[in-house]
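Notes follow once the structure below has been shown.
The values are calculated or read from the model by the stated rules, or taken from the named source; none is laboratory data. Not measured: the values here are computed from a predicted model. Positions of Cβ are generated from backbone atoms using ideal geometry, with glycine treated the same way; all protein chains shown enter the neighbour counts.
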Amino acid sequence: MAKVARAIQDILALIESGAGSRTLVARLRELGAREHELHVRLAQFPVDLPDVHPNIA
């Protein structure tokens, strides 16, 4: 997730500096879709799973 977010920020910085192209915009759309997909997948996992079984000792 961090890698995708960093790539998005890098591309946005290039576009804002005037170095943007259609290829960068297309890649930004791909990364945005991937970020959305990762958010959806993460939302499917239960939040309250214990790290260690309570009776492990």
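The set of residues from segment 16-32 being over 9 Å from the mean Cα position of the chain (by Cα) and assigned to a helix (DSSP H, G or I) comprises GLU16, ARG22, THR23, LEU24, VAL25, ALA26, ARG27, LEU28, ARG29, GLU30.
Would a scan of segment 35-55 turn up a residue that is outside any helix (DSSP H, G or I), modelled with pLDDT of 85 or more and either over 21 Å from the mean Cα position of the chain (by Cα) or loosely packed, with under 12 Cβ neighbours inside 10 Å (or both)? Yes, because at least one residue in segment 35-55 is outside any helix (DSSP H, G or I), modelled with pLDDT of 85 or more and either over 21 Å from the mean Cα position of the chain (by Cα) or loosely packed, with under 12 Cβ neighbours inside 10 Å (or both).
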